[in-house]
Amino acid sequence: MAAKGLEGVVVGQSRLSWIDGANGELIYGGYDIDDLARNTTFEEVCYLLWNGALPNQQQLDELSREIAAQRRLRPEILEMIRAFPGDADPMAVLRTVTSALGMYDPNADDNSEPELRRKAILLTAQLPTATAAYDRIRRGLEPVEPRDELGTAANFLYMLNGEEANETRIRTMDVALVLHAEHGMNASTFAARVTAGTLSDVYSAITSAIGTLKGPSHGGANVEVMNMLREIDESGTSPKEWVREALGSGRRVMGFGHRVYKATDPRATVLRELADKIMAEAGETRWLDLSDQIRTVMGEEMEAKGKKIYPNVDFFSASVYTTLGIEMDLFTAVFAMARTPGWTAHLFEQYANNRLIRPEAEYVGPRGLRVKPIAER
Ligand code: COA
């Protein structure tokens, strides 16, 4: 029997993260996600994923400096971004930029440990700059130069808006990055590892990952959640009616359900709290109120059907990002920026203990056919 969707198939070992789907728990490198989200920054989590331990102050300062030093886009990449269509999908932009970066790296094919580390830092530093630069260029604005003294979260918001965000917003962005940094053998990580498994290069592997994250069943769901919230808001239909109608016509409600979690995604719990804080400060709780109503109806509907479908990370990230002033179609690009340390950490593991990833398919086609001359077919 084919393992459709590879559900339950263990394809390798990893020290990076563990998901207890039944109990809604997630750990990165031994630490509970809740603890990390409350007490660390994105750079500390990068260090944890790349080194297997949390940094001391000196190690953190050094990594922060290394990331900051790699943020500026080379002129060729910036020119390329300027040439992209203004209505391009930002995920297509990141996919293309990542691929192009490989062409400018003379050591692209060197998969030695120091080179892997250098590329992990480079990609983690460049993706936020490329995302912000594309967004500003399409809005007819000049890209904003990154600032070395700011952390990834603060600098990203600064590059998007051209002004520094306040502490609540920076911390919210930082926690969102921490929450998205790593998540086991998910589809995009697997895609990255499959590419690396052929001994192809890091840029190719991350390009595969970005293309995979783009889909609405994976990272693209956060955009679809916002589409849903807007649609309900504009339609005048109650969330209850809308959800029932969607489920009745066989549609999936975006931001719910997960291959591994059969309980609430712990990342959604942290994001819900953040949403409360940032929306109260912004004086705009519309999206959160709507989200809460949808969650309640989905809870009732799924319980009635005996299904274990709960909110996932994308459900609340949509309204959090909207309140941060991030354009809806950038949400998945923000996910990609945040997941780069996780993807690259998996590549360290893959190259260190590689075996070509090559499953099989169960053949269900015909057999024994004979080729007829073309005139007789
Ligand atoms: N809304 C309504 N029903 C859902 C659902 C959703 N979001 N997600 C799953 N279900 C139902 C399916 O219809 C299926 O019902 P059935 O057994 O009666 O056919 C059952 O739950 C199991 O779904 P399945 O497709 O086997 O789960 P999966 O593990 O293959 O898919 C997702 C997981 C994430 C792709 C799926 O839950 C989904 O499409 N969610 C919406 C998109 C999303 O938010 N993605 C982000 C994930 S972080």
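Quick rundown of the values:
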{"quantity": "Tally, over the stretch 250-273, of residues that are closer than 18 Å to Leu229 by Cα and either assigned by TED's automatic domain parsing to the domain that holds His180 or more than 9 Å from the ligand (Cβ to nearest atom) (or both)", "calculated": "3"}
{"quantity": "Complete set of residues in the stretch 4-24 that are within 12 Å of the ligand (Cβ to nearest atom) and among the hydrophobic types (A, V, I, L, M, F, W, C)", "calculated": "Leu6, Ile19"}
{"quantity": "Residue within the stretch 167-176 that is modelled with pLDDT of 95 or more and within 16 Å of the ligand (Cβ to nearest atom) present", "calculated": "yes"}
{"quantity": "Leading residue by the ranking (farthest from the chain's Cα centre (by Cα)) among those in the stretch 331-377 that are within 30 Å of Leu160 (Cβ to Cβ) and among the aliphatic types (A, V, I, L, M)", "calculated": "Leu347"}
{"quantity": "Evaluation of Ala246 against (1) hydrophobic (A, V, I, L, M, F, W, C); (2) within 12 Å of the ligand (Cβ to nearest atom); (3) buried (at least 24 other Cβ atoms within 10 Å of the Cβ); (4) farther than 19 Å from His180 by Cα (one fails), failing number", "calculated": "(3)"}
{"quantity": "Members of the stretch 210-224 found to be near the ligand (Cβ under 7 Å from one of its atoms) and of a type in the set (A, V, I, L, M, F, W, C), listed by number", "calculated": "Ala221"}
{"quantity": "Hits in the stretch 294-319 (condition: under 15 Å from the mean Cα position of the chain (by Cα) and not acidic (Asp, Glu))", "calculated": "Asn312, Val313, Phe315, Phe316, Ser317, Ala318"}
{"quantity": "Selection within the stretch 292-322 - buried (at least 20 other Cβ atoms within 10 Å of the Cβ) and outside any helix (DSSP H, G or I)", "calculated": "Tyr310, Pro311, Asn312"}
{"quantity": "Boolean, Ala221 is crowded, with 24+ Cβ neighbours inside 10 Å, over 19 Å from Pro128 (Cα atoms) and in contact with an Asp or Glu (Cβ under 8 Å, 6 or more places away or on another chain)", "calculated": "yes"}
{"quantity": "The stretch 77-102, residues that are out of contact with any helix residue (DSSP H, G or I) (no Cβ under 8 Å at 6 or more places or on another chain) and in contact (Cβ under 8 Å) with a residue 12 or more places away in the chain", "calculated": "Ala92"}
{"quantity": "Scan of the stretch 33-51 for residues that are within 14 Å of Thr124 (Cβ to Cβ) and in contact with a helix residue (DSSP H, G or I) (Cβ under 7 Å, 6 or more places away or on another chain), ordered by number", "calculated": "Thr41, Phe42, Glu43, Glu44, Val45, Cys46, Tyr47, Leu49, Trp50"}
{"quantity": "Residue in the stretch 13-24 that is at pLDDT 95 or above, basic (Lys, Arg), assigned to a helix (DSSP H, G or I) and surrounded by fewer than 21 Cβ atoms within 10 Å (Cβ to Cβ) present", "calculated": "no"}
{"quantity": "Residue match in the stretch 164-171 (condition: in contact with a Ser or Thr (Cβ under 8 Å, 6 or more places away or on another chain) and surrounded by fewer than 24 Cβ atoms within 10 Å (Cβ to Cβ))", "calculated": "no"}
{"quantity": "2 or more residues closer than 22 Å to Lys214 by Cα: qualifying helices (runs of 4 or more DSSP H) within the stretch 52-156", "calculated": "75-83, 90-103, 113-138"}
{"quantity": "Of all residues making up the stretch 159-192, the number that are of a type outside the set (A, V, I, L, M, F, W, C) and touching a Leu at 6+ places or on another chain (Cβ under 7 Å)", "calculated": "4"}
{"quantity": "Which listed residue, of Gly255, Gly325, is touching a residue at least 24 places away in the same chain (Cβ under 8 Å), crowded, with 20+ Cβ neighbours inside 10 Å and at positive phi", "calculated": "Gly255"}
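The values are calculated or read from the model by the stated rules, or taken from the named source; none is laboratory data. Model, not experiment: these values are computed from the prediction. Glycine also receives a Cβ, built like all others from the backbone with ideal geometry; neighbour counts cover every protein chain displayed.
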